[in-house]
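All of the numbers you see were taken from the coordinates with simple rules; none came from a lab. From a predicted model like this one, the values you see are computed outputs, not experimental measurements. Cβ coordinates were reconstructed from backbone atoms using ideal geometry, including for glycine residues, and neighbour counts include every protein chain displayed.
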Amino acid sequence: MHTECPARYDAIVIGGSYAGLSAALQLARARRRLLVIDAGIRRNRFALASHGFLGQDGREPGAIVAEAREQLLAYPNVQWRDGMATDARHDDRGFSVSLADTRLAAPYLVLATGVKDELPSIEGLAQRWGRSVFHCPYCHGYELNEGRIGVLAAGPHSLHHALMLPHWGQVTFFTNGALEPDDAQRAELRARGVRIEPRRVLRLADTATVELEDGTRVVLDGLFTATHMTMASPLAEQLGCELDESPMGRYIRTDALKQTTVPGVFACGDAARMAGNVALAVGDGAQAGASAHRAMLFG
C-alpha cells in the first residue's frame with residue numbers, strides 16, 4: 001500500500017545521471033522545488049574513463065556524477081531520493097510517481113531514465129564491455145593509438161561503424177553472419193583499408209582477441225560493436241509517451257525543446273536520443289530543464 005505524499009514539488013526528475021543532473025540544475029537555479037529520483041545505474045558504469053566531454057576528458061565517470069550531484073544538492077530547494085521509480089501516471093495534481101511504498105506528485109516530470117544495452121551473444125564480450133569492447137569511436141577510439149581495431153557486425157548499421165573506424169586504426173570487419181556487404185559496399189570498405197572477415201566469431205579472449213570458428217585467433221587492441229537499446233524504465237510508456245524506432249532500438253519522441261508527446265512530460269539523455277554520449281546527454285538535460293521551467297511560466 002502506498003503512502004500518499006502532498007504535492008510539494010514543482011517538478012520531479014527521474015534519473016540522476018548526466019542528463020537528469022543537468023536538467024535538475026536548470027530547475028534548481030530557477031528556484032523551483034525539485035525532487036530527483038535515482039536508481040544509481042549509469043549506462044557507462046562499465047567504462048574506466050569518460051572522454052570527449054569538455055573539461056572532464058579522461059575522468060572516471062562515477063567521479064563526474066558524484067561531483068555534479070554534490071553541486072546540485074548545495075541548492076536548498078532540491079531533494080534527492082535513491083531508488084527505482086516503478087510507476088507513473090496522470091492524476092488530479094498533474095503526475096504521480098511510485099517509489100517503494102511512497103507515491104509522490106508534481107505538475108511536471110523530466111524523464112532521464114536511460115537505456116539498457118543488449119550485447120551480441122558472444123562468449124567473453126560482456127566481461128570486456130567498457131574496457132576493451134566499445135560502441136562509440138569518439139569516446140574510446142583515440143586511446144587505441146591507431147592500433148588493431150575490430151568491428152563486430154550486429155546488423156546492416158554496423159557498416160557505418162566499419163567505415164568510420166579507419167580514422168582510429170587498422171580495421172578488421174567481422175561480418176559474423178549479421179550482414180553480407182554487396183559489391184559496392186565491399187569496394188567502399190576496401191577503399192578505406194578495411195579487411196573483411198566473413199568467418200563466424202566464436203569467443204573473445206585476452207584483451208580483445210577474436211577467436212573464429214575454425215580456431216584462428218585475430219589479436220586486437222579493441223573491438224567495437226553496436227548494441228540493441230531497450231528502455232531502462234517503463235515510465236514513458238506508462239504515461240503514454242510516443243516512441244520512435246531506430247536501427248539501435250526505440251527511444252522517446254521529443255521535439256526540439258525536449259517536450260514529449262504528453263504535455264508536462266519532458267525527456268532527455270539516451271532514452272530520448274537515437275544515439276548519444278555524455279556531452280550530448282548534458283546538453284539534452286539543460287534543454288529539458290529550461291523547457292520545463294518555461295512551461296511552468298507560460299504553459
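What's the local net charge at D270, with K and R +1, D and E -1, over the other residues with C-beta under 11 Å away?
Once all neighbours under 11 Å are counted, the net charge is +2.
List, in order, the whole-Hz ³J(HN,Hα) value for each residue of the stretch 178-184 obtained from phi through the Karplus relation with A = 6.51, B = -1.76, C = 1.60 and θ = phi - 60°; use x for Gly and Pro.
Values, residue by residue: 7, 7, 10, x, 7, 4, 5 Hz.
Starting from one equal scatterer on each C-alpha and no solvent at all, send me the Debye-based log10 I(q)/I(0) for the stretch 120-225 at q = 0.20 Å⁻¹, two decimals.
Treating every Cα as an identical point scatterer, log10 I(q)/I(0) equals -0.98.
Explain nothing, just compute: Karplus ³J(HN,Hα) = 6.51 cos²θ - 1.76 cosθ + 1.60, θ = phi - 60°, for every residue of the stretch 271-281 in order, whole Hz, x for Gly and Pro.
Residue by residue, the stretch 271-281 yields 5, 10, 9, 5, 7, x, 8, 4, 4, 5, 5 Hz.
Given only helices, namely DSSP H runs of n ≥ 4 each adding -39500 (n - 2.57), what is the per-residue ellipticity at 222 nm of the chain, to the nearest 500 deg cm²/dmol?
That comes out to -7000 deg cm²/dmol.
Take the Cα atoms of the stretch 157-274, find their three principal axes, and give me the spread along each one in whole Å, biggest first.
For the stretch 157-274, the Cα spread along each principal axis is 55, 31, 24 Å.
Could you give me the ³J(HN,Hα) list for the stretch 123-133, computed from phi with Karplus coefficients 6.51, -1.76, 1.60 and θ = phi - 60°, whole Hz, x at Gly and Pro?
4, x, 6, 4, 5, 9, 4, x, 9, 9, 10
Taking the DSSP beta bridges in the stretch 120-225 as the whole, what percent of them are antiparallel, to the nearest 5? Show your work: numbers first, answer last.
Details: 6 of 22 bridges.
Approximately 25 percent, going by the DSSP bridge assignments.
Would you mind calculating the relative contact order of the stretch 70-199 from Cα pairs under 8 angstrom and at least 6 residues apart, reporting the percent as a whole number? Don't jump to the answer; show the numbers that get you there.
Values: 146 pairs, mean separation 17.9, N = 130.
So the answer I get is 14 percent.
Indicate the gyration tensor shape class of the chain (rounded, prolate or oblate), computed on the Cα atoms with a ≥ b ≥ c the square roots of the eigenvalues: a/c under 1.5 is rounded; otherwise a/b larger than b/c is prolate and the rest oblate. Please report the intermediate quantities before stating the final value.
On the way: a/c = 2.39, a/b = 2.17, b/c = 1.10.
Prolate is the answer for the chain, as a/c is 1.5 or above and a/b outweighs b/c.
Determine the percent antiparallel among the DSSP beta bridges restricted to the chain, to the nearest 5.
Numbers: 27 of 61 bridges.
The antiparallel fraction comes to roughly 45 percent.
I need the peptides 259-268, 151-160 ranked by packing, meaning the mean over residues of other C-beta atoms within 10 angstrom, with the highest value on top.
Values: 259-268: 22.6, 151-160: 19.3.
Order by mean packing, descending: 259-268, 151-160.
Which stretch or stretches of the stretch 129-164 have amide N atoms under 14 Å from the point lying 7 Å from R195's Cα along the Cα→Cβ direction?
Residues passing the 14 Å test: 147-151.
In terms of modelled amide H atoms, which long-range or inter-chain residues lie less than 5 Å from the amide H of I196?
Long-range HN contacts for I196: F173.
Quick check: pseudo-label points 7 Å beyond the Cα along Cα→Cβ at D244 and A187, how many nm apart are they?
So the two model labels end up 3.3 nm from each other.
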